[in-house]
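Single-structure report; data block below.
The values are calculated or read from the model by the stated rules, or taken from the named source; none is laboratory data. Remember, it's a predicted structure, so these values are computed and weren't measured experimentally. In this analysis, Cβ positions are derived from the backbone assuming ideal geometry, glycine residues included, and neighbour counts consider all displayed protein chains. Quick note on the areas: whole protein, heavy atoms, side chains included, nothing else; ligands and nucleic acids left out. Shrake-Rupley method; radii C 1.70, N 1.55, O 1.52, S 1.80 Å.
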Amino acid sequence: MNDAAIMARFDGRGRVEFLLGGFEAMASNKIAAFAFEFGYDLHLSEMPTKSTMRMVYIRNDSATARLRAQQTADRLRGGGPLLPPWVGPGPQPGTTRVMSGIEIAAIRRRLVTYEASGAKGLVVLAALLSFGFLALAWAARGSLGGVIALLVVAVGLAVAAALVPRWLARWYEKNRQLIRLHDRERHGHVGPPPPPPPYPGNAVDRRPGEGKDQ
């Protein structure tokens, strides 16, 4: 699915649906990036079959989303890119890195997945694999070298099962802050109006006519 075909779907209608089959699923992060620019939120993501992915987007009618969509339309009319790069914080303090809209969309989707299921799936998988390798070690108890190797793997998986929730919690908080910073800087954050400037020439706020010799 090319860019023009994706953009044509986000034409202001209330609901947009994509049914991606085969290699088209590789465009899911691009679709998510386009949807965000045009002011749409992911409503549903599922796999009806093993080879297809269904994504449903709903138009976000909040003032922020509508402003973002208008900014996108204005930028495109002016010949600008649909997904301009964003300079975000780098892996080390004080450094920066250039991130694409598709990369941001991928992080956003992973955050939504984590919020929905947490670390449960990975913990269960690591625990099951650990038990599986323990069973293999018992079955291969006649070979000392094989038993040791299988036990090392089993213990490593058990440790991973214990540490995965902490790792993912740190990853989630770090990337949640990254997305908040991106949304605030990249698409504009409307805050309270600044205070009025003081009258020039004097540090004291003085109304016109005050302080003059009578």
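Based on Cα atoms of the stretch 1-80, Rg over Rh with Rh as the Kirkwood radius reads 1.00.
Each label point was placed 7 Å from the Cα along the Cα-to-Cβ direction; for ARG54 and ASP3 their separation is 3.0 nm. Surface analysis of the stretch 1-154 yields an accessible area of 59 Å² per residue, using protein heavy atoms and a 1.4 Å probe. Scalar couplings 3J(HN,Hα) for the stretch 156-161, obtained by applying the Karplus form with A = 6.51, B = -1.76, C = 1.60 to θ = phi - 60°, are x, 5, 5, 5, 4, 4 Hz; x denotes Gly and Pro. Just the number, please: carbon plus sulfur as a percent of the accessible area of the stretch 34-80, 1.4 Å probe, no ligands or DNA/RNA counted. Accessible surface attributable to carbon and sulfur in the stretch 34-80 totals 55 percent.
Restricting the calculation to alpha carbons of the stretch 15-162 gives Rg and Dmax of 22.3, 73 angstrom. The relative contact order of the stretch 29-133, computed from alpha carbon pairs under 8 Å that lie at least 6 residues apart in sequence, is 25 percent.
Rounded, prolate or oblate: which fits the stretch 26-68, taking a ≥ b ≥ c as square roots of the Cα gyration tensor eigenvalues, rounded meaning a/c under 1.5, else prolate when a/b beats b/c? Oblate is the answer for the stretch 26-68, as a/c is 1.5 or above yet b/c matches or exceeds a/b. Put the Cα centre of the stretch 30-62 next to the Cα centre of the stretch 1-23 and the gap is 9 Å. P(r) tail, the stretch 68-113: Cα-Cα pairs separated by more than 13 Å, 66% of all pairs.
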